[in-house]
Amino acid sequence: MTNAAPSFELTPYAGLCWRFVEDQNTSSTMALVDSAAEQAVLEQLLASSKPPVPAGCRHLHYLQFTPFRYAARHATRFREQGERRGVFYASDTVETAATEVAFYRTLFFLESPETNPPAKPFEMTAFSTWIKSDLAVDIGTFPADTRAAYADPTDYAPCHALAAAVRDRAGTLIRFPSVRHKGGTNLAVLDCAAFAEPQPRDFQGWWFRFTRDGLFANERFGEGRLQFRFADFGDDPRVGVLLGDGAR
């Protein structure tokens with residue numbers, strides 16, 4: 001199959017999306033200072049050492065603009081390694097976003113068999129933000145035989161070609177079926193112009209914990225309960241091979 005992007009339509013889209021972050025930047029600097037004033041100075045010094053925030057993103061909250069601040073250290077589904085233009089990945093629901101977290105934590109520890117998963121729960125924060133684009137692409141509407149190329153667990157070349165074509169037409173958003181959470185939908189925000197509001201809307205604290213055969217997650221101040229088995233991610237060849245070898 002060629003990696004050339006198929007014909008596609010750019011259509012309007014608006015909706016809430018969710019993303020998980022491990023937000024330790026403020027708490028980590030608290031241990032180094034003796035007052036709020038000192039911490040503010042330290043945070044300012046650290047911020048000045050980072051790459052500049054792109055001009056079109058400076059009005060946004062740091063959780064929104066951070067993915068646009070750094071070049072890609074490795075390839076992701078819609079971003080080539082070294083690409084300076086950012087991509088903000090999110091999901092339609094908290095459950096889909098949490099599944100993505102569980103998959104990548106699983107992959108990390110399966111690929112590092114000498115590294116033990118944390119015995120204690122680890123905390124992450126989910127936040128929602130409102131997205132609005134007049135120039136969006138929805139891979140979920142592509143014909144099934146075409147759509148499959150954009151759901152490969154490890155080959156991102158067709159996705160990179162599509163992202164380039166969308167950018168060439170000034171598109172700002174790609175919606176795509178989640179490879180990790182069947183029935184879920186993810187979003188790739190290609191431009192800060194797609195953020196309809198300059199601040200996140202909601203925050204949720206979640207605890208994740210590894211078990212012998214997977215992970216489970218509990219919402220800190222809510223009723224959210226999610227369970228993930230390593231075997232749920234066995235369709236990914238990296239996970240499948242390692243599980244087959246008895247890595248876990």
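Filtered by the rule that a residue be under 18 Å from the mean Cα position of the chain (by Cα) and either buried (at least 16 other Cβ atoms within 10 Å of the Cβ) or of a type in the set (Val, Ile, Thr) (or both), region 96-121 gives Thr96, Ala97, Ala98, Thr99, Glu100, Val101, Ala102, Phe103, Arg105, Thr106, Leu107.
Scanning region 127-150 for residues that are in contact with an Asp or Glu (Cβ under 6 Å, 6 or more places away or on another chain) and of a type in the set (S, T, N, Q) gives a single hit, Ser128. Write out, first by first residue and then by second, each pair whose Cβ atoms fall under 7 Å of each other, whose residues are 6+ apart or on separate chains, and whose first residue, in region 194-211, is assigned to a strand (DSSP E or B) while the second is surrounded by fewer than 13 Cβ atoms within 10 Å (Cβ to Cβ). Close Cβ pairs satisfying both conditions: Gln204/Gly222; Gly205/Arg220; Gly205/Phe221; Trp206/Arg220; Trp207/Arg220; Phe210/Pro118. For region 158-211, filtered to residues that are out of contact with any Phe, Trp or Tyr (no Cβ under 9 Å at 6 or more places or on another chain), among the aliphatic types (A, V, I, L, M) and within 14 Å of Phe8 (Cα to Cα), the residue that is surrounded by the most Cβ atoms within 10 Å (Cβ to Cβ) is Ala161. The sole residue among Gly214, Gly224 that is closer than 14 Å to Pro117 by Cβ, modelled with pLDDT of 90 or more, of a type in the set (Gly, Ala, Ser) and surrounded by 14 or more Cβ atoms within 10 Å (Cβ to Cβ) is Gly214.
Okay, residues lined up against (1) aromatic (Phe, Trp, Tyr); (2) touching a residue at least 12 places away in the same chain (Cβ under 8 Å); (3) in contact with a strand residue (DSSP E or B) (Cβ under 9 Å, 6 or more places away or on another chain):
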| site | (1), (2), (3) |
| --- | --- |
| Ala161 | no, yes, no |
| Arg167 | no, yes, no |
| Ala170 | no, yes, yes |
| Phe176 | yes, yes, yes |
| Leu187 | no, yes, yes |
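Among the residues making up region 153-178, those that are modelled with pLDDT of 95 or more, of a type outside the set (Ser, Thr, Tyr) and within 22 Å of Val101 (Cβ to Cβ) are Cys159, Leu173, Ile174, Arg175, Phe176, Pro177. Would you please name the residue that is surrounded by the most Cβ atoms within 10 Å (Cβ to Cβ), looking only at residues in region 45-78 that are under 14 Å from the mean Cα position of the chain (by Cα) and more than 18 Å from Ala193 (Cα to Cα)? Looking at the filtered set, the residue picked out is Arg77. Sub-9 Å Cβ pairs linking a first residue in region 218-241 that is touching a residue at least 60 places away in the same chain (Cβ under 8 Å) to a second residue that is of a type in the set (S, T, N, Q) and loosely packed, with under 14 Cβ neighbours inside 10 Å, at least 6 apart or interchain, are Asp236/Thr154; Pro237/Thr154; Arg238/Thr154, ordered by first then second residue. Residues considered: Ala14, Ala75, Ala97. Of these, the only one that is modelled with pLDDT of 95 or more, closer than 19 Å to Thr154 by Cα and touching a Ser or Thr at 6+ places or on another chain (Cβ under 9 Å) is Ala97.
The values are calculated or read from the model by the stated rules, or taken from the named source; none is laboratory data. Keep in mind that this is a model prediction, so the values were computed, not measured. Neighbour counts are summed over all protein chains in view; Cβ atoms, including those assigned to glycine, are modelled from backbone coordinates with ideal geometry.
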